[in-house]
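The values are calculated or read from the model by the stated rules, or taken from the named source; none is laboratory data. Note that the coordinates shown come from a computational prediction; the quantities given were computed from them, not determined experimentally. So basically every Cβ, Gly included, is an ideal-geometry build from the backbone, and we count neighbours across all protein chains shown.
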Amino acid sequence: MARYDTIGQGYAQTRREDPRFRALIHAALGNARTVVNVGAGSGAYEPLDRHVIAVEPSDVMAGQRPRELAPAIRASAGSIPLRDGAVDAAMAILSVHHWDEEREQGVRELRRVARDTVVILTYDVAVISAMWLLADYLPEVAALDRRIFPSMEQLAEWLGGKVRVETVPIPRDTTDWMLGAFWAHPERVLDPSARAATSGFSRMPASVVDRVVLEVRRDLDSGEWDRRHGHLRALDTFDAGLRLVVAT
């Protein structure tokens, strides 16, 4: 909670729903009529045509939920305040890696309260760590991600049942400026508001952020970034490791 009370300011301005991601998530929920959204944040990707129970510990994040969404229950993933099988489905959108010591318990809680489907949007660390931003400039975030992101195999073990993992390419023009969306936009590294809405940058010391900004600005000005990675500017989508995990 304290982390997102600090870094969640203005989150909803640059982390806006992408309709393509929304369609994938809602399709994965299947026919579920009741859904719990754990780590619900500002409410992005919550379906409006189903009954949703939002669980979010941070007042700052919950305070950015639009009026058309139900208020969020203040609780953590490790102890979801619902009975066994209370809802048809559970979802967790780019939040499992923030559950710290509750990651395993939280994923098992998703399974406990959902009668059928569990949908998790997360990252494959091996893939995103190879993206230019982490590989060339931010090895500290790559190291952090290796500690906090459960592997696909680990998630499948915690969830049990039938689990499938879908690759979710990130469009160049996505409105959800997650860290993986920087793949074609190195200029965003220079934008404080874009950096602030990514937990990767926000969890780094100021000295690391300042170094990365300086190095990226230098390589953009000199043309070195484009010499190494300019081919990315011609792509419409890119696999930066975003994954949709669906368990039934």
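What the table shows:
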| item | result |
| --- | --- |
| Meets criteria (at pLDDT 95 or above and surrounded by fewer than 16 Cβ atoms within 10 Å (Cβ to Cβ)) for residue 130 | yes |
| Subset of the stretch 144-168 that is exposed (fewer than 13 other Cβ atoms within 10 Å of the Cβ) and not charged (D, E, K, R) - its residue that is nearest to the chain's Cα centre (by Cα) | 167 |
| Verdict on residue 239 being at pLDDT 95 or above and buried (at least 16 other Cβ atoms within 10 Å of the Cβ) | yes |
| Out of 124, 49, 100, sole residue that is surrounded by fewer than 22 Cβ atoms within 10 Å (Cβ to Cβ) and more than 25 Å from residue 202 (Cβ to Cβ) | 49 |
| Residue count for the stretch 9-45, restricted to those that are modelled with pLDDT of 95 or more, of a type in the set (D, E, K, R) and in a loop (DSSP other than H, G, I, E, B) | 2 |
| Matching residues, the stretch 102-147, being without any contact (Cβ under 8 Å) to a residue 12 or more places away in the chain and either in contact with a strand residue (DSSP E or B) (Cβ under 8 Å, 6 or more places away or on another chain) or under 30 Å from residue 54 (Cβ atoms) (or both) | 147 |
